[in-house]
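Have a look at this one.
Throughout, read-outs are computed from the coordinates displayed, never taken from laboratory work. Keep in mind the model is a prediction, meaning the values are calculated, not measured. Every residue, glycine as well, gets a Cβ built from its backbone with ideal geometry; the counts of neighbours run over all protein chains shown.
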Amino acid sequence: MTSIFVNMPTSDLERSKAFYTALGADINPKFTDDNAACIVWDEKVYFMVLTNEYFATFTDKQTVDPKTHAQVLIALSRDSREDVDKVLEAGLANGGSEPSAPKDYGFMYTRDLDDPDGNGIEFLYMDPVAAEQGPEVYMAEQAKA
C-alpha cells in the first residue's frame, strides 16, 4: 500500500490548520504539534504542513517562499464539478486566493487555489469515462454524438 505525504511550509501553523479543515480535510492529532500538522484528505493522502523553520530541517537545499516561487504543483480530484466549485468557495472564504480562471477542457474541469502561504493546489474533476478511455478517445466520441 502506498500513501502520499506532501510536505508544505507555512508561516502560520494555526491559520493553515483552520484553512485546510475549512476545505473538508481532517487533522491527525497523533502527528500534529507546535511544528507540524498532519492534514488528512483521505486514508492515503496527507499534507504535512510544517512551520518554515521545521520545513527547512528536512532538506539541505534552499527553501523558497511559496508566494513567489513554485516548487511543486499538487492536484487533487473531486467527485464532481460542483465539488470542485464547493472546495474553491470554502478556500476563498478562508483566506485562499484563486490565481487563475477555471479551466474547462470538456473531459476535465479544474480550478487552482493558493492557500494563505501561497502553496498551490489544483482541484479537478475528470469525467470517469475520459479517465478510462483517455481524453482523445473521449473527445472524439463526444464530437460524434
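If a paramagnetic tag sat 7 Å from the Cα of ARG15 along the Cα-Cβ line, which residues of segment 57-80 would have the backbone N under 13 Å from that point?
66-67
If you take the beta carbon distance between ALA143 and ALA93 as r and set R0 to 35 Å, what does 1/(1 + (r/R0)^6) give as a FRET efficiency, to the nearest 0.05?
Details: r = 38 Å, r/R0 = 1.09.
Approximately 0.40, to the nearest 0.05.
Taking neighbour Cβ counts within 10 Å as the exposure measure, how do LYS44, LYS17, LYS61 sort from fewest upward? Write down the numbers at each step before the final one.
Details: LYS44 11, LYS17 18, LYS61 8.
By the 10 Å Cβ count, ascending, the order reads LYS61, LYS44, LYS17.
Taking a spot 7 Å from the Cα of SER77 along the direction of its beta carbon, which residues of segment 83-116 have an amide N less than 13 Å from it?
108-109
What does the net charge come to around ASP114 if you take all other residues with beta carbon closer than 10 Å to its beta carbon, with K and R at +1 and D and E at -1? If you can, show how the numbers build up before the last one.
Working: positive: LYS67; negative: GLU98, ASP112, ASP115, ASP117.
Here the count lands on -3.
In percent, how large is the relative contact order of the chain, given Cα pairs closer than 8 Å and 6 or more residues apart? Working shown, then result.
On the way: 243 pairs, mean separation 30.6, N = 145.
Reported relative contact order: 21 percent.
Could you check the spin-label model distance between THR57 and LYS86? Points 7 Å from the Cα along Cα→Cβ, value in nm.
It is 3.8 nm.
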